[in-house]
Amino acid sequence: MSKRILVTGGAGFIGSNLCRRLLAEGNTVICLDNLFSTSMTKIEPLLSNPSFKFVKRSVEDQSWWYEIGGQIDQIYNLACPASPVHYQADMVQTIMTSVLGAINVLNFARVTGAKVLQASTSEVYGDPAVHPQREEYWGNVNPLGERSCYDEGKRCAESLYVNYHKQYGVKVKLVRIFNTYGPQMEINDGRVISNF
């Protein structure tokens, strides 16, 4: 059965691949992205698909609610620069994207009844003292360090998701993405695989 799906950060590396997959499965896809750390090139081939809509907005600016409108069945929140090159370029914006973006996505899910998947990160473990990291490991994070805008933003977002589920019954899933690579990845994005 076809679903109406919102992908925040949908023009990025992982988001654009997810949009393609969801469209191939017969869904209607709305891609929300402010293009801070990506460009239209990754989603250009999708623009002619009548089941695809691009909305250029920041996830932390609630005005996107009105542009999307209608019922949403699922939300994939991938909005946040994941590369140090990008998330350290505007550290306050990175925190706001993770925290305010999570609040806006979760409140939208409450209104629409949508299920939400939050793309988190292995960085919630910080500089881990345990290898490999298990989910019950709480991490070793420096809240004042160079990477704190990303690490702490994602940790706070995870807390918001869990608490929205407990308090309001929002259906959530958290996925901690470790080093990933694939089609449409920028060669100079500063992540471990591209650095290799």
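Tabulated data
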{"read-out": "Farthest toward positive dipole pole in the chain [+1 Lys/Arg, -1 Asp/Glu at C-beta], among Tyr76, Ser58, Gly26", "value": "Gly26"}
{"read-out": "DSSP H segments from the chain that extend 20 Å or more along their own axis, Cα-based, with Kyte-Doolittle mean of 1.0 or above", "value": "91-112"}
{"read-out": "Selection of trypsin sites (Lys or Arg not before Pro), the stretch 110-177, meeting DSSP coil and at most 12 other Cβ within 10 Å", "value": "Arg134"}
{"read-out": "Mean Cα-pair separation over length for the stretch 1-144, i.e. relative contact order, pairs under 8 Å, 6 or more apart, %", "value": "22 percent"}
{"read-out": "GluC sites (Glu not before Pro) within the stretch 25-84: DSSP coil, no more than 14 neighbouring Cβ in 10 Å", "value": "Glu25"}
{"read-out": "Per residue accessible area in Å² of the stretch 51-157, where ligands, DNA and RNA are left out and the probe is 1.4 Å", "value": "49 Å²"}
{"read-out": "Matching label, log10 I(q)/I(0) by the Debye sum over Cα atoms at q = 0.11, 0.13, 0.17 Å⁻¹ computed from the structure shown, candidates [x] -0.48, -0.67, -1.16; [y] -0.56, -0.76, -1.19; [z] -0.62, -0.82, -1.13", "value": "[x]"}
{"read-out": "Cβ charges +1 (Lys, Arg) and -1 (Asp, Glu), total dipole of the chain, debye", "value": "700 debye"}
{"read-out": "Of all accessible heavy-atom area on the stretch 56-115, the percent that carbon and sulfur account for (1.4 Å)", "value": "54 percent"}
{"read-out": "Furthest towards positive pole of dipole, Gln118, His165, His131, structure part the chain, Cβ charges", "value": "His165"}
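The values are calculated or read from the model by the stated rules, or taken from the named source; none is laboratory data. The model shown is predicted, which means the values in this text are computed figures rather than measured ones. When we count neighbours, we look across all protein chains shown, and the Cβ atoms used for this are built from the backbone with ideal geometry, even at glycine. Only protein heavy atoms, including side chains, enter the accessible area calculation; ligands, DNA and RNA are left aside. Shrake-Rupley method; radii C 1.70, N 1.55, O 1.52, S 1.80 Å.
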